[in-house]
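Each remark here refers to the structure printed beneath this line.
The values are calculated or read from the model by the stated rules, or taken from the named source; none is laboratory data. What you see is a predicted model, and the numbers here were worked out from it, not measured in a lab. Quick reminder, even Gly has a Cβ in these numbers, built from the backbone with ideal geometry, and neighbours come from all protein chains shown.
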Amino acid sequence: MSTTEAPLQGRVALVTGGAGGLGAAICESLAAAGASVIVGYNRSAAAAIALAAMLPSDRGASHCAMKAPVTDSAALSLLAGDIAQRCGRCDIVVNCAGTTRFVPHGELDALDDALFDEILATNVRGPFAVVRAMRELLDRSDAALVVNLSSIAAVTAMGSNVAYCASKAAVDNMTRSLARALAPKIRVLSVSPGLADTEFVKSMDPSWRDEQAARTPLRRLAQPDEVGRAVVACATHLAFTTGAVIPIDGGRPLA
């Protein structure tokens, strides 16, 4: 198979939250493009190990699952050392780990301090801590890339709760800050999906899902593999792009 068919052959990619719905799709897309994938997990060890085992491993790729608790900076430093020892490099970091909970925006008392802090620690401080821990490895790469998973909620301010929306707006701002700070060695991008049709979303009220699709100009939800392919595009076709937010939302902000 040619390098055109496997453009990421020889590259190593870490995906935090890799066992989740979008995370798994991103891992699968990176592996299909030839990368060796590290499926990062916090509590989903069994799912991460199973995913790593089923990823395609031809063309010399080697996949594994590693614990990557994004709110534990000391553990992330140890993870960087383990990656250096096992893989010798890390070219791509995808910050996909995140957390939220549905809280109606008007119910301010229901969004308590503990939940607000947990969301910001996981969704904002977490990606920063991962980049900080992996920077030395990324600096060694000749094509280093960080992709932060954002959300349409960063723009629309409509999402699972007020803190989640704020956290994704912060992610996009941090993407721009890091892109400036880490250039020219490391590119930093956000991929910003609209509502993606993951298994979790498919379990919701079908009428609500249909309404969300109808309110999207392209009249459907994002598919997880479309988000995965967007991450691959960031590493391949968008090689002269940094500090940008790539929307995968079907034009929803236009509605």
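Considering each residue of region 116-144, count those that are surrounded by fewer than 21 Cβ atoms within 10 Å (Cβ to Cβ), of a type in the set (Gly, Ala, Ser) and either at pLDDT below 95 or over 17 Å from residue 42 (Cα atoms) (or both), and give that number.
Adding up the residues that qualify gives 2.
Looking only at helices (runs of 4 or more DSSP H) that lie completely in region 176-241, which have at least 1 residues being modelled with pLDDT of 95 or more and of a type outside the set (Phe, Trp, Tyr)?
Counting at least 1 such residues, we get 224-235.
If you check every pair at least six apart or on different chains, which have Cβ atoms under 8 Å apart with a residue in region 74-86 that is under 9 Å from residue 133 (Cβ atoms) first and a residue that is part of a helix (DSSP H, G or I) and among the basic types (Lys, Arg) second?
76/132
So that you can scan it fast, the table gives a plain yes or no per residue for (1) among the polar types (S, T, N, Q); (2) without any contact (Cβ under 8 Å) to a residue 24 or more places away in the chain; (3) over 26 Å from residue 117 (Cβ atoms):
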| site | (1), (2), (3) |
| --- | --- |
| 163 | no, no, no |
| 182 | no, no, yes |
| 186 | no, no, yes |
| 189 | no, no, yes |
| 203 | yes, yes, yes |
| 213 | no, yes, yes |
| 218 | no, no, yes |
| 227 | no, no, yes |
| 231 | no, no, yes |
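Would you be able to tell me the number of residues in region 142-151 that are closer than 14 Å to residue 13 by Cα and either in contact with a Gly (Cβ under 8 Å, 6 or more places away or on another chain) or touching a residue at least 60 places away in the same chain (Cβ under 8 Å) (or both)?
3
Among the residues of region 184-209, what is the count of those that are surrounded by fewer than 13 Cβ atoms within 10 Å (Cβ to Cβ) and acidic (Asp, Glu)?
Result for region 184-209: 2.
Say whether the condition of being hydrophobic (A, V, I, L, M, F, W, C), touching a Pro at 6+ places or on another chain (Cβ under 9 Å), surrounded by fewer than 17 Cβ atoms within 10 Å (Cβ to Cβ) and modelled with pLDDT of 95 or more is met by at least one residue in region 94-107.
Taking every residue of region 94-107 in turn, none turns out to be hydrophobic (A, V, I, L, M, F, W, C), touching a Pro at 6+ places or on another chain (Cβ under 9 Å), surrounded by fewer than 17 Cβ atoms within 10 Å (Cβ to Cβ) and modelled with pLDDT of 95 or more.
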